[in-house]
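Trainee: Let me begin by handing over the structure; questions about it come next.
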Amino acid sequence: MWGGRFSGKPAELMQAINVSIGFDRRLAAQDLAGSRAHAAMLRSAGVISSDDEAAIQGGLAAIDAEIAAGTFPFRDEFEDIHMNVEARLRELIGPTAGRLHTARSRNDQVALDFRMWVREACERSLGQVEALQRALLAKAEPHADAVMPGFTHLQPAQPVTFGHHLMAYVEMFGRDATRFRDAAIRMNESPLGAAALAGSPFPIDRDMTAKALGFARPTANSLDSVADRDFALEALAAATICATHLSRLAEEIVIWMTPQFGFVKLSDAFTTGSSIMPQKKNPDAAELVRAKVGRLLGSFTQLTVVMKGLPLTYSKDMQEDKVPTFEAFDALELSLLAMAGMVADLQPDREKLKTAAGAGYSTATDLADWLVRELNLPFRDAHHITGAAVKRAEALGVALPDLPLADLQGLDKRITPAIYGVLTPEASVASRKSYGGTAPDQVRAQITRWKELLA
Ligand code: ARG
């Protein structure tokens, strides 16, 4: 493509380090779409003739078909996807192919292709996040009233419901969805027409190509257009945060699946066995989702380091933007799909959850609150008395609801049998009716709200 200036061939090692077709072939569809829009614009601006445009469009359509059929010859000697397409176009339609690159550079071309790819990745992720949210809603609804322990420090804290716990993730993934949506909106400006870096002397219509390719508008600074990859960084940041949420849910599934917890079961569809220990059922999918976040953060870090300190505008460093981004979204996509599958597959053991919900004196706060409400004690005093009640229950080896009244009255004479009404996990969750609380009716209200939002 630059034979005029060069008389020698590149060293083999030069080609080895320079070649990107092995990975940027994933931009083929975007590259063809960009070229089609560019050719139509060149003709409408009077830069190329109708005949030339028709020949170019015909050749691009043929290439599209070759790519779909798997017969397109991706060749290392043409370095990247842009030159592979152009070289093939020349083979198919002759020297007219050379007119397509008028008023365009690979710098704005790759900025365009990559931006479109990332935009689609954000939209795909958004759809998958919403599918996961739907799976969580479907699982939360029948278990909006299933009591389970709520934890802090992974110690039993206060009872909550299984539905409430799952709905916490619906909120997290809801914010992830907005991050993907925001990123897609912010990046939705077309860099095509920035050319190499300074714009073009041809009478190009950047609004026309922007519109044809689904962008809100063209980018407003030609240098910025070819120099920045913040759109990819932003998408990777959103993806990393989402993967972090996924890893937490994955970790909980791993814990819940242990015989020691026994909170949930996964079917054979999302578990594996052991080749030596016949009793095993391992939550491999959850473990892998838990681990994938490493790839995502790694990708974000990689691209940040590539971009850091680069002088304007384009440098070949930026060719290194693609692999981490592709890998990150591949990993995220698989994680989101696997997690949605696991959530649908998950069977909570309501009995086990209920037993666990009452363990560890989990209604101690309810006892203290009763003392405040009914005996008008300052909370700190109530806390002290409750601590003594827990100590007594521990000494007797009983749960709080089974602590004899005499023992409670030994701590404060005014305690009545009515106190037992607040000491069960069911009573505890039912009492937490504050907005966003774990009372089953509050949980159901949030499920309804999310169903409407996702409809
Ligand atoms: N393959 C290149 C990339 O990914 C395309 C742009 C090359 N531009 C250039 N001036 N060498 O960035």
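Trainee: Helix-only mean residue ellipticity at 222 nm, the chain, DSSP H runs n ≥ 4 weighted -39,500 (n - 2.57), per residue, nearest 500. What is it? Write down the numbers at each step before the final one.
Mentor: Numbers: 18 runs with 276 residues, N = 455.
Helix contribution divided over all residues of the chain: -20000 deg cm²/dmol.
Trainee: Mind checking which lysines have their C-alpha under 26 Å from K451, skipping anything on the same chain fewer than 8 residues away?
Mentor: K139, K265, K433
Trainee: Related question: Could you tell me which residue out of S50, V422, A183 lies farthest along the dipole of the chain toward its positive end? Charges go on the beta carbon: Lys and Arg +1, Asp and Glu -1, centred on the Cα centre.
Mentor: Comparing the listed Cα positions along the dipole, V422 ranks first.
Trainee: Let me ask something additional. Please list, ordered by chain and number, the residues whose modelled amide H lies under 5 Å from the amide H of K265; skip anything fewer than 5 residues away on the same chain.
Mentor: Placed amide hydrogens put Q347, D349 under 5 Å from K265.
Trainee: How many percent of DSSP beta bridges within the chain run antiparallel, rounded to 5?
Mentor: Details: 9 of 11 bridges.
Approximately 80 percent, going by the DSSP bridge assignments.
Trainee: Right, next: Take every Cα pair under 8 Å in the range 273-356 that's 6+ residues apart, average their separations, divide by the length, and report that relative contact order as a whole percent.
Mentor: Values: 41 pairs, mean separation 26.4, N = 84.
Reported relative contact order: 31 percent.
Trainee: Further, regarding this structure: Cα atoms only, the chain: Rg and Dmax in Å?
Mentor: Computed over the Cα atoms of the chain, radius of gyration and Dmax are 30.5, 102 Å.
Trainee: What stretch of the chain, leaving out the sites themselves, is the longest with no trypsin sites (Lys or Arg not before Pro) in a DSSP loop having at most 12 other Cβ atoms within 10 Å?
Mentor: Details: sites that count: R5, K280, K308, K413, R414, K433.
Here the longest run is 6-279.
Trainee: Turning to a different aspect of this structure: So for the range 321-387, taking the charge dipole from beta-carbon charges (+1 Lys/Arg, -1 Asp/Glu), which of T325, N376, L346 sits furthest toward the positive end?
Mentor: N376
Trainee: Roughly speaking, what is the stretch gain from A68 to E251, that is 0.36 nm per residue apart minus the C-alpha to C-alpha distance, in nm to one decimal? Write down the numbers at each step before the final one.
Mentor: Values: separation 183, 0.36 × 183 = 65.88 nm, distance 3.99 nm.
Gain on extension, A68 to E251, equals 61.9 nm.
Trainee: While we're on this one: Scan around G150 for amide H atoms under 5 Å from its own, H built in the peptide plane at 1.01 Å from N, and keep only partners 5 or more places away or cross-chain.
Mentor: A157, Q158, V160
Trainee: Note down the nm distance, to one decimal, between modelled labels 7 Å out along Cα→Cβ at A157 and at E351.
Mentor: 2.9
Trainee: Can you spot the lysines whose alpha carbon is less than 23 Å from K322's alpha carbon? Ignore those fewer than 8 places along the same chain.
Mentor: K292, K308
Trainee: Sort out for me the Cα centre separation of the range 16-43 from the range 401-440, rounded to whole Å.
Mentor: Taking the Cα centre of the range 401-440 as reference, the centre of the range 16-43 is 67 Å away.
Trainee: Quick check: pseudo-label points 7 Å beyond the Cα along Cα→Cβ at N18 and A220, how many nm apart are they?
Mentor: With each label placed 7 Å out from Cα toward Cβ, I get 3.8 nm.
Trainee: Related question: Calculate one ³J(HN,Hα) per residue across the range 16-30 by plugging θ = phi - 60° into the Karplus curve 6.51 cos²θ - 1.76 cosθ + 1.60, and present them in order as whole Hz with x for glycine and proline.
Mentor: 4, 7, 8, 5, 10, 4, x, 10, 7, 4, 5, 9, 4, 4, 5
Trainee: Further question on the same structure: From Cα pairs below 8 angstrom and at least 6 apart in sequence, can you work out the relative contact order of the range 230-303, rounded to a whole percent? Could you put the intermediate results ahead of the total?
Mentor: On the way: 69 pairs, mean separation 30.7, N = 74.
Relative contact order for the range 230-303 comes out at 42 percent.
Trainee: Any idea how far apart D402 and L337 come out in nm if each label point goes 7 Å out from Cα toward Cβ?
Mentor: Using points 7 Å along Cα→Cβ, the separation is 4.9 nm.
Trainee: Need the list of lysines near K413 for cross-linking: C-alpha distance under 21 angstrom, and skip anything on the same chain fewer than eight residues off.
Mentor: The reachable lysines, counting only those whose Cα sits under 21 Å from K413, are K391.
Trainee: Return W370, W450 ranked ascending by Cβ neighbour count within 10 Å, so the fewest neighbours appear first. All intermediate terms of the calculation are to be shown ahead of the outcome.
Mentor: Values: W370 23, W450 19.
Arranged by neighbour count, lowest to highest, W370, W450 become W450, W370.
Trainee: Using the beta-carbon distance between E394 and E171 and R0 = 45 Å, what value does 1/(1 + (r/R0)^6) give for FRET efficiency, to the nearest 0.05?
Mentor: On the way: r = 36 Å, r/R0 = 0.79.
For R0 = 45 Å, the calculated efficiency reads 0.80.
Trainee: Once the Cβ-Cβ distance between K9 and S315 is put in as r, and R0 is 25 Å, what FRET efficiency do you end up with, to the nearest 0.05?
Mentor: On the way: r = 23 Å, r/R0 = 0.94.
Plugging the Cβ-Cβ distance into 1/(1 + (r/R0)^6) gives 0.60.
Trainee: Based on the alpha carbon coordinates of the range 23-124, what radius of gyration and maximum Cα-Cα distance (Dmax) apply, in Å?
Mentor: Over the range 23-124's Cα set, Rg and Dmax evaluate to 13.2, 38 Å.
Trainee: With no solvent and one equal point scatterer per Cα, compute the Debye intensity ratio I(q)/I(0) for the range 275-324 at 0.13, 0.17, 0.21 Å⁻¹ and report its log10, rounded to two decimals.
Mentor: Ignoring solvent entirely, the Cα scatterers give -0.50, -0.64, -0.78.
Trainee: With a ≥ b ≥ c the root eigenvalues of the C-alpha gyration tensor of the range 177-230, is it rounded (a/c under 1.5), prolate (a/b larger than b/c) or oblate?
Mentor: On the way: a/c = 3.91, a/b = 1.63, b/c = 2.39.
Oblate.
Trainee: Starting at the first residue of the range 161-170, write each ³J(HN,Hα) from the Karplus equation 6.51 cos²θ - 1.76 cosθ + 1.60 with θ = phi - 60°, in whole Hz, x for Gly and Pro.
Mentor: Going residue by residue, I get 10, 4, x, 5, 4, 5, 5, 4, 6, 4 Hz, with x marking Gly and Pro.
Trainee: So, one more: Based on Cβ point charges of +1 for Lys and Arg and -1 for Asp and Glu, what charge dipole magnitude is obtained for the chain about its Cα centre, in debye rounded to the nearest 20? If you can, show how the numbers build up before the last one.
Mentor: Numbers: 49 positive and 56 negative charges, 122 e Å.
Magnitude of the dipole: close to 580 debye.
Trainee: Got a sec to turn the phi values of the range 4-12 into Karplus ³J(HN,Hα) couplings, 6.51 cos²θ - 1.76 cosθ + 1.60 with θ = phi - 60°, whole Hz, x for Gly and Pro?
Mentor: Residue by residue, the range 4-12 yields x, 8, 10, 10, x, 9, x, 4, 4 Hz.
Trainee: Please compute the contact order of the chain in relative form: average sequence separation of alpha-carbon pairs under 8 Å and at least six residues apart, divided by the residue count, as a percent. Display every interim value, and only then the final one.
Mentor: Numbers: 648 pairs, mean separation 76.0, N = 455.
Computed over the chain, the figure is 17 percent.
Read the figures in this text as sums done on the coordinates, not as results from a lab. These numbers come from a predicted model, not from an experiment. In this analysis, Cβ positions are derived from the backbone assuming ideal geometry, glycine residues included, and neighbour counts consider all displayed protein chains.
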